[in-house]
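The values are calculated or read from the model by the stated rules, or taken from the named source; none is laboratory data. The model shown is predicted, which means the values in this text are computed figures rather than measured ones. Positions of Cβ are generated from backbone atoms using ideal geometry, with glycine treated the same way; all protein chains shown enter the neighbour counts. Side chains are part of the model used for accessible areas, which takes the heavy atoms of the whole protein and leaves out ligands, DNA and RNA. Shrake-Rupley method; radii C 1.70, N 1.55, O 1.52, S 1.80 Å.
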Amino acid sequence: MLRKYPFLGPLIALVLVYLLFALFAPPSFLRIENLATMARQTVVVGIAASGMTLVILLGGIDLSVGSTVALSTVVAALCLREGLSGPLAALVATASGMAVGLTNGVLSTSLRITPFIVTLGSMSAIRGLAKGLADSQKIDAPPKGLDVLQAPLPDGFGWAIFPPGVWIMLAMSALVAAMLVYTRLGRHIVAIGSNEATARLCGVPVSRVKWFVYAAAGCLAGLAGVMEFSTLTVGDPTDSMGLELEVIAAVVIGGGSLAGGEASVAGALFGAMLMTVIRTGSTHLGIDNWVQQIVTGLIIVAAVAIDRVRRGSSGSSR
């Protein structure tokens, strides 16, 4: 059952951890407002994790996500300050992320450099570009409606349940999941991640598929940056330091294998939610931030260890 539906494991873990905190945390943890807050806090990691799922499924890695998100907030702020409308600024910021992702894909395939090295370099280069564009300072700009994406719902809009940012995260996750399941491109991504040489012999256009995957991941990271700008309402070139580790952790906790060929969009979303619940529940219990980081790290190690054991037992049973 767990092999057929890999998202069930992280979903069960999410429910158990939530119930555990519900037993010991103050009543404020169970309030509807707190649920909505946790959903909002999952948006940035959740959207970026959908793109990272594609990359890890392909057998690659993208370490430039945090820098791309920071660049996107800076681009959005600059566009707004120059007079562009909110939707157009969001579009340009998202496109900047897609350009970063496409560059990563082209460099890793054309120069035959491992994605780890390419994205490690771009992580530094993009962060420097963001600081250069912002003159190493935060950029204040009128949000022109973008702040609504992550703001709590105003009175009279309770029927929407969640703010627009949460619905956009769910829509992006559903779109990526549907692409993987129902399209030839999705099957090509899985085939390359399972065995690139075999996929190439079968006629799969490996380079073009990789370009698409990294461009899509960059696009989603750019969109995550728009959501980050919506939360901060400033363009911050130093924002999202280490975010890439949270995004990768969400995919791994969600059942993704760093060896490629296995990953689940739904699992990655549940993994992102699990980290948010741990962080929020720990805050309600008054647990220090450093303890939260240790717990999150242990969960990541446990998820990878379980994946290794599962792969080992699967291989021995064949």
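Cβ-Cβ under 6 Å, sequence separation 6+ or interchain: first residue in the range 26-51 and in a helix (DSSP H, G or I) and of a type in the set (Lys, Arg), partner at pLDDT below 95 and surrounded by 16 or more Cβ atoms within 10 Å (Cβ to Cβ). Which pairs?
40/150
Within the range 140-194, can you find the residues that are more than 19 Å from residue 87 (Cα to Cα), among the hydrophobic types (A, V, I, L, M, F, W, C) and surrounded by 21 or more Cβ atoms within 10 Å (Cβ to Cβ)?
Correct list: 176, 189, 192.
Within the range 3-16, how many residues turn out to be under 16 Å from residue 268 (Cα atoms) and modelled with pLDDT of 85 or more?
Total meeting the criteria: 4.
Mind telling me which of the residues 100, 69 ends up being under 30 Å from residue 195 (Cβ atoms) and surrounded by 14 or more Cβ atoms within 10 Å (Cβ to Cβ)?
Unique residue meeting the criteria: 100.
What is the number of the single condition among (1) open to solvent by less than 40 Å² (accessible area, probe 1.4 Å); (2) farther than 22 Å from residue 177 by Cα; (3) modelled with pLDDT of 85 or more that residue 267 does not meet?
Condition (2) is where residue 267 drops out.
Quick check on my filter: what residues within the range 1-51 are basic (Lys, Arg), open to solvent by 70 Å² or more (accessible area, probe 1.4 Å) and more than 22 Å from residue 257 (Cα to Cα)?
31
Return the pair list, or none, for Cβ contacts closer than 9 Å from residues in the range 152-163 that are farther than 13 Å from residue 32 by Cα and in contact (Cβ under 8 Å) with a residue 12 or more places away in the chain to residues that are small (Gly, Ala, Ser) and open to solvent by 60 Å² or more (accessible area, probe 1.4 Å), at least 6 apart or on different chains.
Going by the 9 Å Cβ cut-off, there are no qualifying pairs.
Considering only residues that are open to solvent by 40 Å² or more (accessible area, probe 1.4 Å) and not aliphatic (A, V, I, L, M), which ones fall in the range 220-238?
Those that are open to solvent by 40 Å² or more (accessible area, probe 1.4 Å) and not aliphatic (A, V, I, L, M): 231, 233, 238.
Conditions tested, residue by residue: (1) more than 22 Å from residue 179 (Cα to Cα); (2) more than 22 Å from the chain's Cα centre (by Cα).
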residue: 6; (1), (2): no, no
residue: 19; (1), (2): yes, yes
residue: 27; (1), (2): yes, yes
residue: 30; (1), (2): yes, yes
residue: 38; (1), (2): yes, no
residue: 51; (1), (2): no, no
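Okay, residues lined up against (1) open to solvent by 10 Å² or more (accessible area, probe 1.4 Å); (2) of a type in the set (Phe, Trp, Tyr); (3) touching a Leu at 6+ places or on another chain (Cβ under 6 Å); (4) under 29 Å from residue 190 (Cα atoms):
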{"site": "53", "(1), (2), (3), (4)": "no, no, no, yes"}
{"site": "57", "(1), (2), (3), (4)": "no, no, no, yes"}
{"site": "64", "(1), (2), (3), (4)": "no, no, no, yes"}
{"site": "74", "(1), (2), (3), (4)": "no, no, yes, no"}
{"site": "89", "(1), (2), (3), (4)": "no, no, yes, no"}
{"site": "95", "(1), (2), (3), (4)": "yes, no, no, yes"}
{"site": "105", "(1), (2), (3), (4)": "no, no, no, yes"}
